[in-house]
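Taking it in order: structure first as structure tokens, then the write-up.
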Amino acid sequence: MVVALQAIQFCWNPLDASSSALKIRRNANTPVQVPEWQRGVHHTTDSSVALYAVKPTLGKTVLIRAKFIIIPDASEEVGELQIRAIQPPIRWGAAGNPFINPFVQIAVSTQVNVLGEVKAKTVTTNAIGETEWEFFELVHHRLALRGVGIQEVEWHWQYRTAPTEPWIHFQTTNHKIYTVLDVPTAPWVQTPHEDIHLPWTDVLDYACFWGAGARHVDEAATFITRSVYHLGPERLEYNCSNFLPGFVILIGFEGDSYFDCTLFLAHLRTGLINRYVICSDCASIVSTFANILGCDLWQSRMYIPGSFFFRVNPILVIGKYQWQFPCGSPGFSFHEVAWKDDCTEDDEVFDACLTLDSDLSPSSFPFWPFIATNIPYGRPGSGFYRDRLVFPPDIRLCRAQPGERQRRKLIFLPNVLLQPREVTASSNNAMAKEFFNFSAWADQNLLPQQLFIVDFIPDDQLLADWDRVYFSEKPFNPQPPSVIVSLWRSPIRLPGAGLRIDFYECPSLRMAHEFLIRLLAEAHIKEPYQRANEVGDIAFTTSGKQTLLFARGNLVVMLANIDRQQVQVMPLAQQIDQKLIEKPPTPLDSQPLSWVGPERNIKPGESLPLSWPASNRKGTASQPTYFRLFADDGAIYREGDTLFYSPSKDSNFQIALYETPARTRG
């Protein structure tokens, strides 16, 4: 007789975590196929994965589904079989007598299946020898005993033809099982319409390792916080270069942002993506990795309303070994942490961005470091987090901002809002406008014509001697502004240097300037930024010119160093700017712009739609192009997929169109 296991399904009901595994995926690009084990497909432990939440399974019956094929010999007639799966015998090796060996508990804990065994069940076959999907009960599982972790499960599958017959082995299967404390919370979901936010095994590999053994959510969040802080200095370092986030990407004019978890995972693996972070990165990492374990943290901020910064006590920022004020500045514009519950002064915080002094005088020597985990933000004089971070004269002024709490999504999805924000970051934006004197340069255009860019894509030969090692092939945000993130290395000329260059295509010149302010508002410390006149219509750079943000037409560009060998970015920004404004000998006469609708006179202040024959576009998927429009006067802007032109004076409609190739290295 031949008995073969066809498939095992761990997640048979993603809406019932008490008896089924949870629905998961590998990462943003790769789903986990169900059934999670299939004959001829899954040959290794890592290829068959499942996720279980401990709390919902307490006292419940956990089930799997399995399917078999049974082919009897010519002389046999089989109507039904009993099938089970047992764990392998404990391999003591050379440990000696298990009753006296001091490592017996280690051996038992590592060799006993966390899912226990598959209880014996009688199955029947159809006319061609196949069974239906059969439910099997898991007996003696140890989910609650293990807490957070990653375990290998090995099952030896057996059958017998009658209760009095011996069991016969026919299959061995191996599986990688993740165990978390509870059903993951936002940004993680179990609903099918947000498949991208199903728990990622790539995140679980780190989160379950960092939180291994935790049996309570506060313990798990503490383990995660400490592990993230201790990524410095090998992997992470506080961003004294430009004070901007490294893995939090701004995508909206109201301060909306997302956490680029894919890039962060790549950095964990290689250390080559971006070593510089600020508080919003650390808060996003901690809350995202803790929440996949079943914690319930938010990202939320503290600051002095109406002020540009608050002063802090000496601290140890991530990746540094010297007690100091942050990068020589007396304080922060704001500070963001992972925060529990309502994110008020009575709720606990977890901060992986810095360590504080634990003694009775946190503003003076000596300093005894501790990482703030599960400590209330606190009321003034309570001795909790606020008193230890904030310099005494500012303690009463620096307040929790629960209205700004959020859980950043991992990738922007239009029309899907995981958690509505109670208010926008408009107050922070207003302060940034005042600080950077927005009214003096808003709408400034330094070109003799109005430039408008459509469907921008960066050329991988944009910078001489630099290789583009990554870029988001599609804009992250289908709503304006569209965002393209790119990473660059110079392996021959500057092997230790790296750049991140982000491009934000906005719907108008005015909105580009508004968005530039939004980017500056996210700087943890704003004082080092100053105006620069050498590039763009408007530009700001740090004092060492290691970071630069500029707007040209409706495009905003940010250049920032991402590694310890720092380079001045002004010459590189000028190279980019020159490519944006230079014109080929002649415009695309074969693709003239035209009005949509009947011909009529164009009057100042009117807005009329523009179009051109899209079918004549020369770009292809392998050789993309973007468009640049130059108008003699007035303004071009975009609403949805339609371009509009509004002249500032009587116009003869003088607009030149250039289709620009984004060249790629062959």
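The values are calculated or read from the model by the stated rules, or taken from the named source; none is laboratory data. This one's a predicted model, so the numbers in the text were calculated from it and none came from an experiment. Here Cβ is always computed from backbone atoms with ideal geometry, including for glycine, and neighbour counts include all displayed protein chains. Protein only, heavy atoms only, side chains kept; ligands, DNA and RNA dropped before computing areas. Shrake-Rupley method; radii C 1.70, N 1.55, O 1.52, S 1.80 Å.
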Within segment 411-439, the count of residues that are of a type outside the set (Asp, Glu), in a loop (DSSP other than H, G, I, E, B) and either modelled with pLDDT under 90 or surrounded by fewer than 17 Cβ atoms within 10 Å (Cβ to Cβ) (or both) comes to 15
Quick check on Gly232: is it small (Gly, Ala, Ser), open to solvent by 10 Å² or more (accessible area, probe 1.4 Å), under 21 Å from Phe370 (Cβ atoms) and in a loop (DSSP other than H, G, I, E, B)?
yes
How many residues are touching a helix residue (DSSP H, G or I) at 6+ places or on another chain (Cβ under 8 Å), within 16 Å of Asp351 (Cα to Cα) and either among the aromatic types (Phe, Trp, Tyr) or open to solvent by 20 Å² or more (accessible area, probe 1.4 Å) (or both) when one looks only at segment 308-333?
1
Which of (1) in contact with a helix residue (DSSP H, G or I) (Cβ under 8 Å, 6 or more places away or on another chain); (2) surrounded by fewer than 20 Cβ atoms within 10 Å (Cβ to Cβ); (3) of a type outside the set (Asp, Glu) does Trp188 not meet, given it meets every other one?
(2)
List pairs: first in segment 127-143 and touching a residue at least 40 places away in the same chain (Cβ under 8 Å), second among the charged types (D, E, K, R), Cβ under 6 Å, 6+ apart or cross-chain?
Thr131/Lys67; Trp133/Arg65; Trp133/Lys67; Phe135/Arg65; Phe136/Lys121; Glu137/Lys119
List pairs: first residue in segment 506-523 and without any contact (Cβ under 8 Å) to a residue 60 or more places away in the chain, second residue open to solvent by 10 Å² or more (accessible area, probe 1.4 Å) and not charged (D, E, K, R) anywhere in the structure, Cβ distance under 7 angstrom, at least six positions apart or on different chains.
Cys506/Pro480
Residues being open to solvent by less than 10 Å² (accessible area, probe 1.4 Å) and either without any contact (Cβ under 8 Å) to a residue 12 or more places away in the chain or under 30 Å from Glu234 (Cβ atoms) (or both): count how many of those fall in segment 532-549.
5
Could you grab the pairs with beta carbons closer than 7 Å, sequence gap of 6+ or different chains, first residue in segment 550-577 and of a type in the set (Ser, Thr, Tyr), second one surrounded by fewer than 21 Cβ atoms within 10 Å (Cβ to Cβ)?
none
Among Arg311, Arg386, Arg407, the single one that is in contact with a Lys or Arg (Cβ under 9 Å, 6 or more places away or on another chain) and not small (Gly, Ala, Ser) is Arg386
Is there a residue being at pLDDT 80 or above, farther than 30 Å from Lys545 by Cα, open to solvent by less than 30 Å² (accessible area, probe 1.4 Å) and within 34 Å of the chain's Cα centre (by Cα) anywhere in segment 638-655?
yes
Filtered residues of segment 334-364 (kept if open to solvent by less than 10 Å² (accessible area, probe 1.4 Å) and either out of contact with any helix residue (DSSP H, G or I) (no Cβ under 6 Å at 6 or more places or on another chain) or at pLDDT below 90 (or both)):
Phe334, Trp339, Cys343, Asp351, Leu354, Thr355, Asp357
When (1) touching a strand residue (DSSP E or B) at 6+ places or on another chain (Cβ under 9 Å); (2) of a type in the set (A, V, I, L, M, F, W, C); (3) open to solvent by less than 10 Å² (accessible area, probe 1.4 Å) are applied to Ala523, the one that fails is (1)
Could you tell me whether any residue of segment 120-134 is open to solvent by less than 70 Å² (accessible area, probe 1.4 Å), modelled with pLDDT of 90 or more and of a type in the set (Phe, Trp, Tyr)?
no
Filter segment 611-637 for residues that are open to solvent by 20 Å² or more (accessible area, probe 1.4 Å) and aliphatic (A, V, I, L, M); the one that is modelled with the lowest pLDDT is Ala614
Which numbered condition Arg405 misses (of (1) at pLDDT 95 or above; (2) part of a loop (DSSP other than H, G, I, E, B); (3) open to solvent by 20 Å² or more (accessible area, probe 1.4 Å))
(2)
